[in-house]
Amino acid sequence: KFENQIGDIFSIFGFNYTPVLLNGDLYPEVVVRDSDGILVQYNFSKPLNLGSSTSESVDLHVQYAFDTSMGDFEVGIQGSRQLSLELVTAPGVDPIEQEGTDRAPARFRGNAYADWRSENWNVSLNVNHQTGHRTEFAPPTIIRTDVSSYTTVDARVGYTTDSGWRASLGVTNLFDKDFPFADNGQGVASSRIDFRRQVIYFDLTKEFSF
């Protein structure tokens, strides 16, 4: 739970000005009207006190290791489930439920993995998944508010020499999965994806002791 937060209206409501305009007396630094009640200024990016927010989530990590004649294996799953995320922007205003929207982390984000080791070799495989969400931080002219879930696969092969050199070759987003479309003016939810998309890398490491 976070108290006495400072932020701006735009980062909370995006292009949806209605809740702020209807409660302008609660946001005097944002909504400015003249003596006749006519709106003369809307300072959507001005910092102001936002009240408090409460976040509830559950983290899970389960793993199992076992040995076979083909080598050592470890499999597991880990992830985080967002249960709720409520934001109170001003006294007397109903909480804003941001869970499940682009204003909050994914409802579920996690990965399942499998690792194998045998003598000098090691291989790892990861399946990463995040649930979809609803777009709110966008102009009111958007047509599609739902953004699909996103699943990618990472793979890595490594080898360690007897002299201590470690080499690994890996690929993130093995199948070059495209980003889910977000109807927000940008086409993607930039905070939830890696713009590099697929990355192929090679690491060579040697540790020294003095």
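The values are calculated or read from the model by the stated rules, or taken from the named source; none is laboratory data. Computed from a predicted model, the values in this text were never measured in an experiment. Cβ sites come from the backbone with ideal geometry, for glycine too, and all protein chains shown count toward neighbours. Just the protein is used for accessible areas: all its heavy atoms, side chains included, with ligands, DNA and RNA removed. Shrake-Rupley method; radii C 1.70, N 1.55, O 1.52, S 1.80 Å.
Close amide H pairs (under 5 Å, H built 1.01 Å from N) link residue 137 with 102, residues at least 5 positions away or on another chain.
3J(HN,Hα) along region 72-82: 9, 10, 9, 10, x, 9, 9, x, 9, 10, 7 Hz, from the Karplus curve 6.51 cos²θ - 1.76 cosθ + 1.60 with θ = phi - 60°, whole Hz, x for Gly and Pro. Sorting 68, 141 on solvent-accessible area from highest to lowest, probe radius 1.4 Å, gives 141, 68. Over the C-alpha trace of region 15-56, radius of gyration and Dmax come out as 12.0, 44 angstrom.
Dividing the mean sequence gap of close Cα pairs (under 8 Å, 6+ apart) by how many residues the chain holds gives a relative contact order of 14 percent.
For region 125-210, the equivalent ellipsoid derived from the Cα gyration tensor has semi-axes of 39, 12, 9 Å, listed largest first. Largest first, the extents of the alpha carbon coordinates of the chain on the three principal axes equal 82, 37, 32 Å. Derived scalar couplings between HN and Hα for region 54-66 equal 10, 10, 10, 8, 10, 9, 9, 8, 10, 9, 9, 10, 8 Hz in order, rounded to whole Hz, by the Karplus curve 6.51 cos²θ - 1.76 cosθ + 1.60 (θ = phi - 60°), x for Gly and Pro. Distance between the 7 Å Cα→Cβ label points at residue 62 and residue 142: 3.4 nm. In the neighborhood of residue 150, defined by Cβ-to-Cβ distances under 15 Å, what is the net charge if each Lys or Arg adds +1 and each Asp or Glu adds -1? Counting the neighbours of residue 150, the net charge comes to +1.
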